[in-house]
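Okay, so here's the structure we're looking at.
The values are calculated or read from the model by the stated rules, or taken from the named source; none is laboratory data. Since this is a predicted model, take the numbers as computed values, not measurements. Positions of Cβ are backbone-derived with ideal geometry, glycine not excepted, and every protein chain shown enters the neighbour counts. Each accessible area value is taken on the protein alone, full model and side chains, heavy atoms only, with ligands, DNA and RNA left out. Shrake-Rupley method; radii C 1.70, N 1.55, O 1.52, S 1.80 Å.
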Amino acid sequence: MRLRDIIIILVAIITGTACVSCGREKEDDTAIRIATEVKSVDRLVLAQMSVSKIATISDLDLTKANGLRESAQALIDALKIGDRKAAFSYNTYMRAYVDLTSFSAEDVKVDNSDSTVNITLPPIQTEFSGRDAQMRVEHYRVTGFRSQVGAEERAEIKERINAALKKEVESDKTFQSILTESAELQGRRYFENLCSRFGYKANVTFR
């Protein structure tokens with residue numbers, strides 16, 4: 001083999017190695033840039049929902065009273081003139097999010113061969129994020145000599161609704177399932193848009 005041919009082969013090998021190295025450096029650089037932007041968010045809220053609950057107030061039926069105290073109150077109510085019926089509704093709010101504090105470039109795999117970024121995200125988490133300050137009055141009818149539904153009784157009703165609503169949400173996973181599915185959809189859209197700014201398509205998975 002002539003010296004000229006050997007030199008050509010060596011140059012081709014060096015050039016090919018350099019191209020591979022440049023490609024890997026570009027992938028690593030893109031992964032770091034995407035990871036840095038994602039991590040700056042810390043906690044990414046992807047979906048929110050409200051859950052409503054209704055509570056009613058009415059005279060206690062003597063046949064449904066439990067114990068002497070309730071029976072006495074039911075009897076007093078039966079002797080009073082007028083009606084006392086009310087319904088209040090109340091919202092508690094939930095949200096779904098991903099905690100990105102531990103996210104790193106290791107969770108971003110860039111493939112320049114097809115301009116694709118594979119992103120692995122932490123699992124979706126859900127939490128209660130707040131509740132209405134005031135209840136909504138859905139129905140209110142107090143007539144005759146019946147007493148109005150006062151502030152103390154309304155506060156008690158509000159706490160009762162809130163406790164019942166949280167218990168229902170925690171026992172019935174339907175709410176978390178709906179919220180999680182919505183969050184995953186929004187999460188994929190968010191990262192698809194993010195990666196498109198770098199000229200890549202995104203494949204997003206959640207742990």
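General observations
- Which listed residue is more than 30 Å from residue 205 (Cβ to Cβ), of a type in the set (A, V, I, L, M, F, W, C) and either touching a Ser or Thr at 6+ places or on another chain (Cβ under 8 Å) or modelled with pLDDT under 90 (or both), from 117, 110, 142: 142
- Filtered residues of segment 163-196 (kept if out of contact with any helix residue (DSSP H, G or I) (no Cβ under 9 Å at 6 or more places or on another chain) and more than 19 Å from residue 95 (Cα to Cα)): 192, 193, 196
- When 55, 87 are screened for being in contact with a helix residue (DSSP H, G or I) (Cβ under 7 Å, 6 or more places away or on another chain) and either of a type outside the set (Lys, Arg) or at pLDDT 85 or above (or both), only 55 passes.
- Pick from segment 39-48, criterion assigned to a strand (DSSP E or B) and surrounded by fewer than 18 Cβ atoms within 10 Å (Cβ to Cβ), ranking: farthest from the chain's Cα centre (by Cα): 43
- Within segment 164-207, the set of residues being open to solvent by 80 Å² or more (accessible area, probe 1.4 Å) and basic (Lys, Arg) comprises 167, 173, 188, 189, 197, 201, 207.
- Residue 144 vs. criteria over 30 Å from residue 89 (Cβ atoms) and surrounded by fewer than 11 Cβ atoms within 10 Å (Cβ to Cβ): no
- Where a residue in segment 98-114 is polar (S, T, N, Q) and its partner, wherever it lies, is assigned to a strand (DSSP E or B), with Cβ under 7 Å and at least six apart: none
- Any pair with Cβ under 7 angstrom, 6 or more apart, that starts in segment 159-188 at a residue that is on the phi > 0 side of the Ramachandran plot and ends at one that is aliphatic (A, V, I, L, M) and outside any helix (DSSP H, G or I): none
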